[in-house]
Amino acid sequence: MNPYEVKEVATCVVLGAGAGVGQAVARAFLGRGYHVALCARNREKLDALSAELGENASAWHLDVSNLDELKVCLAEIAEKHGDIEVLHFNAFSLTPGRGSRIDPEKFSYSLAVNVTPALTASQAVIPAMKGLGKGTILFTGGGYAIQPAANVTALSVGKAALRALNQCLHEELTSSGIHVATVTICGIVAPGTAFDPSVIAESFLQLHDQPAGAFDAEIVFNPVAVPV
């Protein structure tokens, strides 16, 4: 029996919901019977996505770099829809530039989107997950965490930091029944390719479905073994 089988409506939060991986993961968990709370900055696109996904999806306008706003939003979602059993952190900032020239303020902002909110959101949901004795925290990783590129120094550092955060939380929380894991996507996400978001979403579900005692920390998604 799957320990994560949903008997009643449970809540999944997607931070950084939008076309691509966020939308695909939202669809995947909707298919499992979850209420999915979609969180993103662009209100118009967010509302359109929520309407497309149907009545069991809700839209929450949010800038994840505003940590106070993030914590309040997660608390409101939990109050309205019940404890958050699945958290998917999919937000990112693509700040181009080489390390020798990038503006330090832009570099800091990149980290403020790519890493720090992942920690803040995780800390916000962990207490309730511990109370439930289960929960899944999923991060959307990137191949730059494994093979950084000079032209995207900020994103490379951010994804590497997110991967390290994942490993640390995985080690800390596994014994509490909380599965923390990342899908490290080593390619460009595009429909109809080997990196189709719906295919990638299956890797997130695969991690979510792993039983306690057999939690993996990471799936490296690189089906065609392309260079990052």
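Observations on the structure shown:
- Out of Lys45, Lys71, one residue alone is farther than 14 Å from Ala10 by Cβ, surrounded by 14 or more Cβ atoms within 10 Å (Cβ to Cβ), touching a helix residue (DSSP H, G or I) at 6+ places or on another chain (Cβ under 7 Å) and not small (Gly, Ala, Ser). It is Lys71.
Residues checked against (1) touching a strand residue (DSSP E or B) at 6+ places or on another chain (Cβ under 9 Å); (2) within 18 Å of Ser198 (Cα to Cα); (3) not polar (S, T, N, Q):
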| residue | (1), (2), (3) |
| --- | --- |
| Arg32 | yes, yes, yes |
| Glu44 | no, no, yes |
| Phe107 | yes, no, yes |
| Thr116 | no, no, no |
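- Contact map, the stretch 52-68: first residue more than 20 Å from Thr120 (Cα to Cα), second residue among the basic types (Lys, Arg) and buried (at least 16 other Cβ atoms within 10 Å of the Cβ), Cβ cut-off under 7 Å, separation 6 or more or different chains; pairs are Leu53/Arg27.
- So Ser100, is it polar (S, T, N, Q) and free of Cβ contacts under 8 Å to residues at least 60 places away in the same chain: yes
- Residue tally, condition of a type in the set (Val, Ile, Thr), assigned to a strand (DSSP E or B) and buried (at least 16 other Cβ atoms within 10 Å of the Cβ), over the stretch 173-228: 7
- First in the stretch 156-183 and closer than 10 Å to Gly141 by Cα, second anywhere and among the charged types (D, E, K, R) and part of a helix (DSSP H, G or I), Cβ under 7 Å, 6 or more apart: Thr182/Arg163
- The sole residue among Val25, Val13, Val86 that is within 24 Å of Tyr144 (Cα to Cα) and buried (at least 22 other Cβ atoms within 10 Å of the Cβ) is Val25.
- Of all residues in the stretch 47-83, those satisfying the criterion of being under 21 Å from Val115 (Cβ atoms) and assigned to a helix (DSSP H, G or I) are Leu67, Asp68, Glu69, Leu70, Lys71, Val72, Cys73, Leu74.
- Just one of the listed residues (Lys106, Lys159) is of a type in the set (Lys, Arg), surrounded by 21 or more Cβ atoms within 10 Å (Cβ to Cβ) and over 20 Å from Thr11 (Cβ atoms), namely Lys159.
A short reminder: the numbers here are calculations on the coordinates, not readings from a lab. Computed from a prediction, not measured in an experiment: that's the story for all the values here. Using ideal geometry, Cβ is built from the backbone for each residue, glycine included, and neighbour counts are taken over all protein chains shown.
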